[in-house]
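None of the figures in this text is laboratory data; all of them are computed from the coordinates on show. These numbers were taken from a predicted model, which means no experiment stands behind them. Neighbour counts are summed over all protein chains in view; Cβ atoms, including those assigned to glycine, are modelled from backbone coordinates with ideal geometry.
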Amino acid sequence: MRETRIIMGMPVTVEVVDATSPDPMTRVFQWFEVVDARFSTYRADSEISRFNRGEVGEAGLSAEMKEVCALARATESESQGFFNILRTDGTADPSGIVKGWAIKKAAEQLSAEGCQNFYVDAGGDIQSRGKNEDGEDWRVGLRSPFHLSDIIKVVAPRGQGIATSGSYIRGAHIWNPHAPREELADVLSLTVIGPDVLEADRFATAGFAMGADGIYFIESLPGFEAYQVNTRGMATQTTNFQDYVIS
Amino acid sequence: MKLLKRLGLGLGGAAAVLVPQAEAGAVLHDGTFDGGTYDAYFGPVQVEITVSGGKVVDAQALQYPDHRRTSVAINRQALPYLKQEVVQAQTARVNLISGATLTSRAYVASVGDALKKAAQ
C-alpha cells in the first residue's frame, strides 16, 4: 500500500508492504501535519513562529521543540559551525533538521505498530526497513541534478537512512586542495547514507554547506557514506559508498 | 519549461505546485519581475523572472543562500583520494528517489510573487 500527500511544502510518500489497512499510513501523515503545525516558519500560528515573535520563552517550549533545538546545537558543533539554525535576523529556523527528525519518528511509529517492510520518504529523504513487495532490498534512485527525470545511481540503503542536499545555484568558487591552481566546479548535490535518516539528513545539510570539502567531511565520519555531484557532471564518492550501489 | 528546468533542482516535487500558478494566472505582461525575499535554510532567496511573448523565458536568483566559508578545519594533508566518475543517466528500476528539495518553499514563494507582478 502506498500513498503520497503534500505536507510541509513537499511530497511525503509512505509505502507499507505488510499493511492490512491504510491506518498506519494515515497516522504517519497525521504526524507530519502535527510537525508542520509546530515547526513551520511559514505559519504565523506555529510554535516556532510564536517563539520567534517572543510570545513564548524557552522555558515554555514543548518537549519536541526542545529536542529538535538540542539536536540542532549538537549538529552545529559536530559540523564545525556549518549547520546553524539561526538566521541573520536572529530568529530561529529549525527546518534544516525537522524533516529528518520527523521521518525517523514516523518510521519508529510504523515499527512499533508491527510494520516490518516499508519506507517513509519526505522530499527525497528516506527511511526504509525490510524489503520491497518483490522481497528485494528497497531500490533508491539518486536523482540527476541536471535532468529531474533521470536517475544517475541506484542504491540499496538496507535499513540505513538516505538524504540528499542540493541546489541548482552556482555559489562561490571552490579550490581543489590537491591542485590549488585548478579551479573546481561547484557542488550541485550531496547524497548521504547514514545510521538513520536523521543522521543522514543533518550531515547531508552540513556537508553540502561545506562545498567541495563536504565529501571529505563525510569520509571522516564513521558509519557514513556519500555521493557528491558537481556542475561539470563529475561525481565523487566516499571509500565504501560502493557497498550500497546496485547499479 | 525553461523556468522549471532552471529552477527544477531546488524545487523538486514543489515544481508541481508552481506549474498551476503560472498556467492558471491570466495574461503575463512582458518584462522583468522580482519576487519577494524569503528565508531558505542557508539564507535569503529572491528570484527574478523574465517574461517575453506572455511566457516566462528566464528565472534568475538575485539572492541565494551561500554559507560557504573560505577555510574548513579539515586536515588537508590527510585527505584521501576518493573515486570519481562521470555522471551518467541510467534506466534501472527503482522503488523511490532521493533528491534535493532543500529550499523549495522559498523559491516557490518568490517565483509566485514575481508571477503575480507579471500578471498585474
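Assorted remarks:
- Integer Hz, Karplus 6.51/-1.76/1.60 couplings in order for the range A:237-247, x for Gly and Pro: 10, 6, 3, 10, 4, 3, 4, 9, 7, 8, 7
- Shielding of A:147-155 by partner chains, average beta-carbon count, 10 Å: 6
- Counted by neighbouring Cβ atoms within 10 Å, the residues A:51, A:241 run from fewest to most as A:51, A:241.
- Per-pair calculated FRET efficiency, R0 = 35 Å: residue A:242 and residue A:147 via Cβ, rounded to 0.05: 0.90
- Ordering of A:213-220, A:3-10 by packing is A:213-220, A:3-10, highest average first (other Cβ atoms within 10 Å, averaged per residue).
- Shielding of A:10-17 by partner chains, average beta-carbon count, 10 Å: 3
- Once the chain from residue A:62 to residue A:23 is taken as fully extended at 0.36 nm per residue, the excess over their C-alpha distance is 11.4 nm.
- Residue-wise HN-Hα coupling along the range B:112-120, computed from phi with Karplus coefficients 6.51, -1.76, 1.60 (Hz; x: Gly, Pro): x, 4, 5, 5, 4, 4, 5, 8, 6
- In chain A, inverting the average of 1/r over every pair of distinct C-alpha atoms gives 18.9 Å as the Kirkwood radius.
- Counting Cβ atoms of other protein chains within 10 Å of each residue's Cβ and taking the mean over peptide A:204-214 gives 4.
- Residues with amide H under 5 Å from that of residue A:7, placed H, sequence gap 5 or more: A:12
- A:50, B:93 arranged by Cβ crowding within 10 Å, fewest neighbours leading: B:93, A:50
- Placing a label point 7 Å from the Cα of residue A:89 along the Cα-to-Cβ direction, the residues of the range A:26-63 whose backbone N falls under 14 Å of that point are A:41-44, A:49-54.
- From helices alone, chain A scores -9500 deg cm²/dmol at 222 nm; the rule is -39500 (n - 2.57) for each run of n ≥ 4 DSSP H residues, then divide by the residue total.
- Excluding same-chain neighbours fewer than eight residues apart, the aspartates and glutamates reachable from residue A:66 by a Cα-Cα span under 17 Å are A:36, A:47, A:55, A:58, A:76, A:93.
- Placed amide H near residue A:189: partners under 5 Å, 5+ positions off or other chain: A:229
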